[in-house]
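Working notes, structure below.
Where a number appears in this text, it was derived from the coordinates with a stated rule and is not lab data. On a predicted model such as this, the values are computed, not experimentally measured, just so you know. Cβ atoms come from the backbone with ideal geometry, glycine included; neighbour counts cover every protein chain shown.
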Amino acid sequence: RRRRRRRRDNNNSSSMASTMAMSFIQRLSMRTPLASASAQHPARAIARGAGALRFRTSFHGVGCSALQHRPRALAYPVSVPSAGLRAVASAAAEEKGEKKEFQAEVSRLLDLIVNSIYSNKEVFLRELVSNASDALDKMRFKTLTDESLQGAESEKELAIKIKGFPEQQSLVIEDSGIGMTREEMVDSLGTIARSGTSKFMEALKEAGQASDSNLIGQFGVGFYSAFLAADRVTVRSKSPYDDKQHVWESSLADSSYSIYEDTEGERLERGTQITLHLKEDSLEFADPEKLSALVKQYSEFISFPIYLWQSEQVPREELDEEATAKAKKEWEDKKTAGEEGVPEEEPAPTMKTTYDTVWDWRTQNENKPIWLKSPREVEEAEYNDFFKGAFREFLDPLAYSHFSTEGSIEFKSLLFVPGMAPFDQQDMMAKSRSIRLFVKRVFISDEFDENLLPRYLHFIKGIVDSDTLPLNVSREMLQQHSSLKTIKKKLVRKALDMIRKLAEADQAEEEDEEEEDEVEDEVEDEDEDEELEEDEGEDKYAEFWKNYGKSIKLGIIEDSSNRTRLAKLLRFYTSKSEDKLVSLEEYIDRMKDDQKNIYYVAGESVEELKGSPFIEKLIAEDYEVIFFTDPIDEYTMQNLTEFEDKKFQNASKEDMKIGEKDDAAKEQEKKVKEKFKELTKWWKEQLDSSEVESVKVSTRLTTTPCAVVTSKYGWSANMERIMKAQALSDDNRGGYMKSKKTLEINPKHPMIKELRDKVAETPDDETLADTAKVLYEVSLLESGFAPGSPKEFATRVFGMMKTAMGIDADAVIETEPEDEIIEDPEPEEDEEVGDEDGEEGDEEPPAKDEL
């Protein structure tokens with residue numbers, strides 16, 4: 001009974017809570033007096049509604065929540081105005097609290113800007129010079145649009161001046177730009193992260209005027225990078241709109257700044273002067289040589305002249321009194337002595353060259369950003385001079401590409417192929433600094449690894465300048481990698497087009513020269529020498545391939561999307577062109593009608609490959625064979641399997657097919673195999689089965705008795721040699737790639753015929769077995785392999801030489817006899833050793849070791 005009573009009480013309480021909750025929701029939806037009350041007292045309404053929703057009842061200690069009760073069904077639709085509840089809550093929050101702005105600890109914020117945003121201390125000069133350039137750009141724009149500034153103000157030079165004071169441990173950067181009034185100083189320098197440049201561009205946009213895209217600043221924190229090198233900064237500024245000059249001053253240790261009218265300092269005609277009081281660890285930035293290097297690195301292409309107070313050694317001619325007096329005395333002495341040939345006049349004064357240290361303002365940014373011009377406006381000589389000046393090269397580039405791109409990412413670029421390969425080109429793991437990124441002519445970075453160019457194109461040098469790149473606050477790196485992918489794709493495409501045009505230009509010149517040679521039958525020797533010299537100078541692609549051919553081959557391995565383009569750039573020597581490089585397109589044009597494959601063979605040198613047994617039949621039947629001599633070539637051919645529907649065929653592999661065979665040839669080949677079947681079977685039994693897979697009759701040999709080839713998917717002899725030469729090679733790891741070898745025999749060779757006949761007579765003869773093994777091991781050497789056991793190979797060769805010389809195989813090697821000891825004979829007692837006078841006899845004593 002108690003359990004039934006408790007269950008009944010719980011049902012009653014749940015029903016009551018459900019009724020009250022539904023009533024509350026219905027009153028809200030029907031805009032009952034509760035809704036009007038919520039409009040007048042939103043805070044009370046929210047509290048009252050929340051209290052109703054949290055209503056609980058308890059009977060006999062058992063509680064239930066209205067939020068946990070789920071009614072079975074509603075007889076009428078109910079709508080809950082959630083947006084109205086949010087509005088009520090917002091109004092309640094406004095009535096309760098006061099709207100506040102975020103606060104910041106200025107000293108802590110400044111410390112973060114100085115020590116956390118920038119990774120390199122020297123970029124402060126780039127930031128301050130960029131700010132000065134913006135001020136000059138604003139002044140130039142104002143002189144064109146503001147009539148009050150036209151005249152004397154517009155005639156003043158727009159320039160930046162930098163001067164270091166090592167003794168005072170300070171650095172001064174001055175510009176003749178727009179300057180700042182007192183209010184502008186407070187707004188621009190007294191407010192962190194407020195960009196005056198951005199504000200200026202917004203004002204131009206609102207006025208409907210075209211903004212100057214050369215303005216650099218955008219974040220408003222570049223000025224504070226001065227505290228990277230200085231512990232105190234003083235700014236003097238004079239605006240053309242204000243007759244007074246003001247000073248702004250602050251130190252890194254303070255969270256405040258001072259500003260006052262400048263009545264005692266140096267008077268500026270117009271512009272801004274920033275004085276940095278350098279820290280103890282930043283005194284190097286007062287050195288003119290250091291400042292010159294930084295300006296040329298970061299701000300070389302600023303459109304306004306940058307002057308640096310710098311010294312120079314100027315030669316000066318002056319009288320050498322000591323040398324003049326000495327010459328005069330010698331003249332007088334000769335004249336007094338009456339020597340002949342002494343001139344009547346005194347010798348001319350002797351001059352000497354001395355060098356004076358002259359301090360003056362010297363321009364640091366003489367190179368102009370020619371990539372901003374149209375390619376039609378730039379001559380080739382200008383490209384060459386720019387390349388040699390910007391990249392510190394002494395040879396003209398082999399090729400260049402000047403282009404611009406528009407779209408989601410807009411940029412201008414200028415790419416060069418250097419005339420000489422860098423010394424560290426083979427170090428593919430080293431970081432490349434070949435591409436320099438600029439934003440509005442200000443250098444940002446050159447450390448991009450493979451983000452702008454792939455590894456195989458690191459030899460290309462160039463410049464990328466963009467106005468729309470998403471930089472981070474320090475302007476030292478890009479924020480979004482998607483933009484880098486777009487730039488990289490465009491740069492790679494343009495770089496490959498530039499190299500292709502270089503190759504096509506040389507090929508066109510060669511064709512023109514061939515036509516001229518056909519027309520001209522007789523040419524004088526001198527003219528021929530001149531033409532040869534011109535050809536050497538014009539054959540730029542041959543020089544390119546000599547310097548960068550391995551990089552193109554690496555690109556075929558790594559860049560699958562551009563593999564076809566790169567394949568067209570390949571050059572190599574062939575059996576028909578041993579001294580002139582040939583392209584794949586030229587090879588295909590010269591292919592025989594029945595030829596379906598592109599034949600190649602790899603080795604250490606062209607001379608070695610010319611005598612390779614693998615290509616004897618190919619050469620005999622006038623097929624052209626490509627010679628690969630670089631270690632990277634076999635890696636390349638593993639990734640380049642075909643070109644223009646022609647498959648590549650390694651002549652050292654067992655699956656090589658030469659031309660088309662008719663039925664008669666096939667039948668003849670079948671008969672030859674049957675004739676040598678017993679020999680191949682016997683020969684296979686004499687060799688190590690773990691090393692040799694089979695012995696077959698060859699169709700590729702003409703003069704060589706036998707050769708060793710490998711399977712289609714295993715390493716060739718050349719590849720096996722390369723892998724063994726690796727510093728970290730592991731025989732266990734590379735064992736699965738070492739394919740079993742196949743011995744191919746030449747059925748037309750007399751040695752093979754004689755061996756077949758003797759095996760048929762005496763197959764158990766050990767001499768024949770040794771002969772077969774020696775032939776196999778010699779074929780290993782000729783095919784590029786090394787014998788498995790050099791000792792056994794040498795023993796068999798010596799045995800065959802003994803037989804040829806008629807020496808018994810069981811002849812005993814004689815041991816050397818022991819040295820005989822010869823004792824001196826004892827002299828007899830009555831033997832006279834000397835003469836009576838005591839002199840020695842004429843006979844000399846016998847030598848002890850005559851034997």
Self-check item: Sites Lys610 and Asn367, calculated FRET efficiency, Cβ-Cβ separation with R0 51 Å, nearest 0.05
Solution: 0.50
Exercise. Any of Lys617/Lys696; Lys368/Lys540; Lys138/Lys412; Lys568/Lys646; Lys677/Lys748; Lys138/Lys163 with alpha carbons more than 18 Å apart? Name them for me.
Key: Lys368/Lys540; Lys138/Lys412; Lys138/Lys163
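Rank-order 495-501, 804-810 by packing density, defined as the average count of other C-beta atoms within 10 Å over each peptide's residues, highest first.
Ranking the peptides 495-501, 804-810 by packing returns 495-501, 804-810.
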Exercise. Sort the following peptides by mean Cβ neighbour count (other Cβ atoms within 10 Å, averaged over residues), highest first: 637-648, 165-176.
Key: 165-176, 637-648
Self-check item: ³J(HN,Hα) computed for each position of segment 276-291 - Karplus, 6.51 cos²θ - 1.76 cosθ + 1.60, integer Hz, glycine/proline x
Solution: 9, 8, 5, 6, 5, 8, 10, 5, 4, 7, 9, 7, x, 5, 5, 5
Quiz item: In segment 259-336, which trypsin sites (Lys or Arg not before Pro) are in a loop and have at most 13 other Cβ atoms within 10 Å, using DSSP for the loop call?
Solution: Arg267
Quiz item: Using the Karplus equation 6.51 cos²θ - 1.76 cosθ + 1.60 (θ = phi - 60°), what ³J(HN,Hα) coupling, rounded to whole Hz, does each residue of segment 782-790 give in order, writing x for Gly and Pro?
Solution: 5, 8, x, 8, 10, x, x, 10, x
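Pull out the extension gain between Glu406 and Lys657, defined as 0.36 nm times the separation in residues minus the alpha carbon to alpha carbon distance; nm, one decimal.
85.2 nm
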Self-check item: Spin-label pair Asp757/Phe423, simplified geometry with 7 Å Cα→Cβ offset, distance in nm
Solution: 6.6 nm
Self-check item: Nearest-0.05 FRET efficiency for Lys696 and Gln668, computed from C-beta distance (R0 22 Å)
Solution: 0.85
Quiz item: For the residue pair Glu621 and Glu339, what label-to-label distance in nm results when each label sits 7 Å from Cα along the Cα-to-beta-carbon direction?
Solution: 9.1 nm
Practice problem: Please work out how much length the chain gains when fully extended from Gln638 to Glu377, using 0.36 nm per residue of separation minus the C-alpha to C-alpha distance, in nm with one decimal. | Solution: 89.4 nm
Quiz item: Ranked from highest to lowest mean number of other Cβ atoms within 10 Å per residue, what is the order of the peptides 361-371, 344-354?
Solution: 361-371, 344-354
Self-check item: Overall Cα dimensions of segment 313-421 - principal axes, largest extent first, Å
Solution: 92, 32, 27
